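Asks: One structure follows; several queries about it will come next.
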Amino acid sequence: MVKKVAPPTADADAVVTPSSGNVFTDLGFGPGEAAVMGMRADLMARLRVLVQTEGWTQAQAAERFGIAQSRVSDLLRGKSDKFSLDMLITLAARAGRKVELALV
């Protein structure tokens, strides 16, 4: 027997708060920590796209980045806790990319 569940209804009292532009700030992290976490997430995503667009296998990416294949796996699976911002910048440089920081 399948039990039917009513679809959720809109809560008339719900409050929608606009994003600050940084999900980590929205989650309550302080400005400094949120900025670093945001940069790490962005750089990881860009490195993942680089690996995909270049068509590198994990072994090829590991060779280019100068790290173990298991670390490439962590990178591609978004395990941000395993990479410092410094390391992500190093990986980008090893792949022949330039990382720039802008203060706005």
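Asks: Over all pairs of distinct alpha carbons, what does the Kirkwood formula give as the hydrodynamic radius of the chain, in Å?
Replies: Answer for the chain: a Kirkwood hydrodynamic radius of 16.4 Å.
Asks: Further question: Could you order the peptides 37-43, 24-30 from most to least packed, using the average number of other C-beta atoms within 10 Å per residue?
Replies: Put in order of decreasing packing, that is 37-43, 24-30.
Asks: In what order do R48, R97 fall by count of nearby beta-carbon atoms within 10 Å, going from fewest to most?
Replies: R97, R48
Asks: Looking only at Cα atoms, what is the convex hull volume of the range 21-72 per residue, in Å³?
Replies: So the per-residue Cα hull volume is 86 Å³.
Asks: On to the next question. Using every alpha carbon pair in the range 58-104, what percent of pairs falls into each 5 Å bin from 0 up to the bin containing the largest distance?
Replies: Final binned percentages: 5, 22, 28, 26, 11, 5, 2, 1.
Asks: In nm, give the distance between the simple-model label positions of R48 and R94, each being 7 Å from the Cα along the Cα-to-Cβ direction.
Replies: Here the modelled spin labels are 1.9 nm apart.
Values quoted throughout were computed directly from the atomic coordinates according to the rules given, and no laboratory measurement underlies them. On a predicted model such as this, the values are computed, not experimentally measured, just so you know. Reconstructed Cβ throughout: ideal geometry from the backbone, glycine too, with neighbour counts over all protein chains shown.
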